[in-house]
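Undergrad: Below you'll find the structure I mean.
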Amino acid sequence: RAKELIADSLSTMALGAAEPEGRSLRQYVRELQGGTGPCAIMGADFSAHPALAAFANAAQTQIHDANDGWPMAEVTNVCAHAGRLIIPTALASTAARGGTGRDLITAVVAGCEFAGRAQRMTQTTRDTYVSAVAAGKVAGFDAGQLSQALVMAAYMSPGRAGLPGPRIDEY
């Protein structure tokens, strides 16, 4: 299933990259970065810092609203398409660390597993966490380090930033 999710996300990412919004997004990232990094952005003729590559690839995936989960997921708010963030984060993290395909798949599985268990969280809060889980898995974090990454993700969550919705620490 992880391999299917990766292939689906790459396909949706490519579709988004071909759209005018994808081209505008890549131009914005090029201007914002001012240099190169170790990670590819779908459709770009330059590479980027891992965070910017994950951002750009996730945004391009979202252009066609990849729904890689259960069809009723959006209606019931149960992780409709966590892959739109897990896959770009795992790709960028794997590339930045010189990881393997196995590292990528492991990160995707970890992120999806967390997303599936985090059903009480709002989607924006859950998204913050799944990215931390995927990147932490690629980095080889042990339980303590991953716990610290999740604490940092909670600190940076939308609820903490003053956006509407439940605060992450309610969970």
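Undergrad: Give the distance, in whole Å, between the Cα centre of region 99-121 and the Cα centre of region 1-44.
TA: 20 Å
Undergrad: Taking 0.36 nm per intervening residue step and subtracting the Cα-Cα distance, what contour gain separates residue 40 from residue 113 on full extension?
TA: 23.7 nm
Since every read-out is calculated from the coordinates, none of them should be taken as a lab result. Bear in mind the structure is a predicted one, so any value in this text is a computation, not a measurement.
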